[in-house]
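What follows is a short report on a single structure.
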Amino acid sequence: MRFSLVLVAVAALTEAAEADSDGTIVALKARRLYDGKSDRVVSPGVVLVKDGKILAAGDRVTIPAEARVIELGDATLLPGLMDAHTHLSFEATNDWAADELASLKKEPTERALEASRFARATLEAGFTTVRDLGSSDAIDVGLRNAIARGIVSGPRMLIATRAISARGGHCDPTEGYRQGLLKEPGIDQGVADGPDQMRAVVRFNAKYGADVIKVCASGGVLSQTDKVDSAQLTQAELAAVADEAHALGKRVAAHAHGSEAAKRAVRAGIDSIEHGSFLDDEALDLMRAKGTYLVYTPVPCIVDRLDRGNAPDAVKQKAKAATGAMEATLKRALAKGVKIAFGSDAAVCPHGSQGGQFALLAKAGMKPLAALRTAMSVDAQLLGVADKLGTLEAGKIADVIAVAGDPSIDLAAMTTVMFVMKDGAIQHQLAPPRPQAQPPTPPSSDRACKVFDRLPSGACPKRGQLDI
Ligand SMILES: [Zn+2]
């Protein structure tokens, strides 16, 4: 296992791509283009890229004769996606107890190597920028820096280092263990008591590399000793976090499932509420009035995963309650005009699977293009990078992806990303889809596909077959 992780790291090292920096113009061509902010898909789609930046994008772009043309066929060009809530430092398995033990036994170096795989999976799913909201042992710091230097492939990362927590709260790393087993945490592990220590922990995180501040204002699903909707920090503590972070030019994301915690966080001036499962009308009205984002994290795998993994009953019940309430809360938030941002909480569900979340946003009532915008122009505003990223416009960084088909008609297209460019460098590419005029690849029945290994070569599409 360790040996294979080393191999993966070496592979990632050799695969980290570099953009053409010699003035070459690259023209990306596809049947359609969505710019990430407007209300329509245009056809055909062209994006011109030079020196890592977008020169022009749209349906009326003339391709210069000297350009290197990449023809993507029956696909839709989109801005590189963003995810405002990931944890690239780890990924849950279907075994609760094994995960707990691994978190105590694995070396940070081993977890860092695993994290490089999660980063690559995220990038290949089309997410070229993430806001990573909580790590340990500075794994996020090293990963962010290694990706930025081109050592490993992954999304551009804005990181929180350690989440800030009440003692014994959802993000206290020793919560659930007996007294004395682990060193009692202090600000170096994100745990603080009172407004002055809250300021100290913000300064500590900023000192050691945080781009954004993450605070756990309420209880959570996966913690074992708290109520999921309990308010864990006082109004004065949250005000100190927000004031200190903003003074340092950093935004604040607050984990909050329950209404009281969310209201305190919003009143304190934090920038986004993460999860928001049980928000009442007063909390949503306050968010609407203050312009606070709701980062909706449906984590569709969690109930099944906890059941199969023999998680504690209390945790399973909390997961059912939170995920069961989320969609109705999102519907009320949409009706009130609260800003909805895209965040997956990936780590709970597998890294790279978050493309399936767009369909869940549509299921709650968002139009397909509005659902897409959550991970484009909306997240770009939440992350404070809208001047550089989030849309296909001249002058922006060339983060461009392509999905087969038309996601404005079928959001399932977002689960198969066929092309990923980041900073003008191609990171991932599958063969273009066959033109629609051709008959589909036989055989058509699922049953036949399940036994494709026994069929003649090419009779059924194999996972990975299109890799070039
Ligand atoms: Zn999270």
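Read the figures in this text as sums done on the coordinates, not as results from a lab. For clarity, every value in this text was computed on a predicted model and none was experimentally measured. Every residue, glycine as well, gets a Cβ built from its backbone with ideal geometry; the counts of neighbours run over all protein chains shown.
Would you mind telling me the antiparallel percentage of the DSSP bridges in the chain, rounded to 5? Restricted to the chain, the bridges split so that about 45 percent are antiparallel. The calculated P(r) of region 249-316, using every Cα pair and 5 Å bins from 0, goes 3, 18, 24, 17, 12, 11, 9, 4, 0 in percent. Over the residues of the chain, the helix contribution to mean residue ellipticity at 222 nm works out to -10000 deg cm²/dmol, using -39500 (n - 2.57) for each DSSP H run of at least 4. P(r) tail for region 81-383, what percent of Cα pairs lie past 32 Å? Taking all Cα-Cα pairs of region 81-383, the fraction more than 32 Å apart is 18 percent.
Counting charges near Ser89 (Lys, Arg +1; Asp, Glu -1) among other residues having Cβ under 10 Å from its Cβ returns a value of -4. When peptides 390-396, 224-230 are sorted by average Cβ neighbour count within 10 Å, with the highest value leading, the order is 390-396, 224-230.
Between their Cα atoms, which of Lys106/Lys250; Lys37/Lys320; Lys29/Lys422; Lys214/Lys318; Lys29/Lys331 are more than 26 Å away from each other?
Working: Lys106/Lys250 32 Å; Lys37/Lys320 34 Å; Lys29/Lys422 16 Å; Lys214/Lys318 22 Å; Lys29/Lys331 37 Å.
Where the Cα-Cα span goes over 26 Å, the pairs concerned are Lys106/Lys250; Lys37/Lys320; Lys29/Lys331.
Near Pro407, once Lys and Arg are set to +1 and Asp and Glu to -1 for all other residues with Cβ below 12 Å from its Cβ, the sum equals +1. The order of the peptides 30-37, 240-247 by mean Cβ neighbours within 10 Å, most packed first, is 30-37, 240-247.
Taking only C-alpha pairs under 8 Å that are 6+ residues apart, what is the relative contact order of the chain in percent?
Working: 1067 pairs, mean separation 89.7, N = 468.
Relative contact order comes out at 19 percent.
Could you state the angle between the C-alpha long axis of helix 194-207 and the longest principal axis of the C-alpha atoms of the chain, as a value from 0 to 90 degrees rounded to the nearest 10? Helix 194-207 sits roughly 30 degrees off the main axis of the chain. Charge tally for Thr128 (other residues, Cβ to Cβ under 13 Å; Lys, Arg +1; Asp, Glu -1): +1.
Could you tell me the center-to-center distance, by alpha carbons, between region 287-351 and region 116-180 in angstrom? A separation of 19 Å, based on Cα centres. In terms of packing, defined here as the mean over residues of other Cβ atoms within 10 angstrom, the peptides 368-380, 211-223 line up highest first as 211-223, 368-380.
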